[in-house]
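Here is the structure we will look at.
The values are calculated or read from the model by the stated rules, or taken from the named source; none is laboratory data. Since this is a predicted model, take the numbers as computed values, not measurements. As a convention, Cβ positions derive from the backbone with ideal geometry for all residues, glycine included, and neighbour counts pool all protein chains shown.
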Amino acid sequence: TAAEGAVYYLFGATGDLARRKLFPALFSLYKEGKLAEDFAVVGLARRPRDNGQFRQDVYESIQEFCRYKAIDQELWSRFADHFVYMSLDIHNVDGFRELNRLSGELDQKFGINGNRLFYLALAPELFGPVSFNLRDGGLLESAGWHKLVIEKPFGYDLESARELNGQLSQVFKEEEVYRIDHYLGKEMVQNIQVLRFANQLFEPLWNKNHIANVQITLSETVGVEERGGYYDHSGALRDMGQNHILQMITMIAMEPPGRLHPESLRDEKVKVLRSLRQLGSSEEVRERVVRGQYRAGSSKGKELPGYRQEDKVDPESSTETYFAAKVYVDNFRWAGVPFYIRTGKRLPVKTTEVVIEFKNVPDNVLFAKRHELGPNLLVIRVNPMEGIYLKINAKRPGSDNEVQPVAMEFCQSCQIGINTPEAYELLLYDAARGDSTYFTRWDEVAAAWTFVDRIAAAWRENDGDLRSYAAGSWGPEEADRLLQQDGFFWWPVN
Ligand code: BG6
């Protein structure tokens, strides 16, 4: 079914996110009937552009990035008709008044009842000023609903996040704010709760009695590309840890929500974040967290520069491009089970994967005496492959009870005809329908910053423990030691 009609305001319409993700997502939604005819998109940015040029940008972005490759011309021209552009100085309220007038016209033209969704693909320092001008320019006075969708990073630490939230909450209610963490829009991340709560097979085993450890890898082959300016002030912990990785931990670790209701699910996620064992001292941080930065290296015969040689990066930067950590969720379900997490730029493969390692069979059973039995693994592949596989032990055919590991596999991305929606499609659609399940609530953000701030503080105190790793390698070897100490190792990713 189609989302209720609305005007979508795209701040940052000439930027990368709009081009790579948002225009293609809107097109897919339209093609699938999830956007009906009662919508309009207003592209907003400083630079001058007319509607024709803007529609051309949208067209090219869809051609390049949309999962629907062939663009039907008739469909396109109907779709394009809903797009207009307005050049806007976001510090000047007069422009917002004009935008409000334009909105009235669009409401009329497309039969929209005043619903307005403001999507801020902007730097976070602009969230506050834009919100105030939306209010002062009269944009929040229309008849329908008003929603604010914002991109990460939500602040730089707890204090700045609080300040930011304070500004937003002068204008919008918490229920009107949709904070994007695009990992929560990924099909396989959403699938974690179905896998856990719709299968009697897993949930009884999903705890400290049966699970030895959990491993989460978010590896990337890219360096910092043209984002050196942003990244050098952020680093891997803030860029990927505070949001995506901690969110994945919540999905894996949370208790079953009481109801299928956004707040029930988010309540459970907050509990997980609050149960994270806080790293008290710099000593603990050094023991349980490894940070690294890539130096020059090579991959597949290609020479790669070091991080400090990248564009807009301080040549003496001590920003981490990699981190790995051992995290504990101190509650009854998970007490004592390590969650090993890692992420980095310039690693050998691009992958997002979760491994649930089950405890081994007891030593005294028949087979363990004679063979090296590997543990059962449940592997959730999020990206680029999507699927699940379960590693179990079985008899090697023709042998004398020899045991070999085999995989029971469900490969979602291998299924013909399945063209999984992109994260941004799911999230835009959810926001438009008012479903906030897969958006982060303020208390989640705050709890995540509380955890991350301690690590960042310890790192500030001690620059010396930044390890270097060769671009194209799996990161500093200290990250292997995190697991070795406990008798485990990183399962190779696929
Ligand atoms: C973003 C980070 O949030 O996620 C980027 O800012 C990172 O640095 C990206 O490259 C990874 O997303 P995905 O969906 O490609 O795994």
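Below are the figures for this structure:
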{"quantity": "Among (1) surrounded by fewer than 18 Cβ atoms within 10 Å (Cβ to Cβ); (2) closer than 23 Å to N133 by Cβ, the one test that K69 misses", "calculated": "(2)"}
{"quantity": "Residue identified as part of a helix (DSSP H, G or I), within 20 Å of the chain's Cα centre (by Cα) and under 18 Å from K326 (Cα atoms) among L246, L184", "calculated": "L246"}
{"quantity": "Within the range 56-75, tally of residues that are of a type in the set (F, W, Y) and in a helix (DSSP H, G or I)", "calculated": "2"}
{"quantity": "Every residue from the range 451-474 that is assigned to a helix (DSSP H, G or I), surrounded by fewer than 17 Cβ atoms within 10 Å (Cβ to Cβ) and not charged (D, E, K, R)", "calculated": "A457, G464"}
{"quantity": "Unique residue being outside any loop (DSSP other than H, G, I, E, B), out of contact with any His (no Cβ under 8 Å at 6 or more places or on another chain), buried (at least 16 other Cβ atoms within 10 Å of the Cβ) and β-branched (V, I, T) when the list is V445, V493", "calculated": "V445"}
{"quantity": "Conditions (1) in contact with an Asp or Glu (Cβ under 8 Å, 6 or more places away or on another chain); (2) within 16 Å of the ligand (Cβ to nearest atom); number of the one not met by E151", "calculated": "(1)"}
{"quantity": "Residue identified as exposed (fewer than 15 other Cβ atoms within 10 Å of the Cβ), closer than 29 Å to L482 by Cα and either away from the ligand (no atom under 16 Å from the Cβ) or of a type in the set (K, R) (or both) among E159, E174, E203, E141", "calculated": "E203"}
{"quantity": "Residue list for the range 332-365, restricted to those being touching a Phe, Trp or Tyr at 6+ places or on another chain (Cβ under 9 Å) and within 16 Å of the ligand (Cβ to nearest atom)", "calculated": "I341, R342, T343, G344, K345, R346, L347, P348, T352, E353"}
{"quantity": "Any hit, the range 234-241, residues being basic (K, R) and more than 20 Å from the chain's Cα centre (by Cα)", "calculated": "no"}
{"quantity": "Close pairs (6 angstrom Cβ cut-off, 6 or more residues apart or separate chains): within 18 Å of L378 (Cβ to Cβ) in the range 398-422, of a type in the set (G, A, S) anywhere", "calculated": "P405/G374; V406/A394; F410/G387; C411/G387; Q412/G387"}
{"quantity": "Among the candidates Y156, Y178, residue that is in contact (Cβ under 8 Å) with a residue 12 or more places away in the chain, touching a strand residue (DSSP E or B) at 6+ places or on another chain (Cβ under 8 Å) and either aromatic (F, W, Y) or assigned to a helix (DSSP H, G or I) (or both)", "calculated": "Y178"}
{"quantity": "Failed item, numbered, when Y322 is tested on (1) surrounded by fewer than 16 Cβ atoms within 10 Å (Cβ to Cβ); (2) among the aromatic types (F, W, Y); (3) at pLDDT 95 or above", "calculated": "(1)"}
{"quantity": "Leading residue by the ranking (farthest from the ligand (Cβ to nearest atom)) among those in the range 218-257 that are small (G, A, S) and farther than 23 Å from P348 by Cα", "calculated": "A253"}
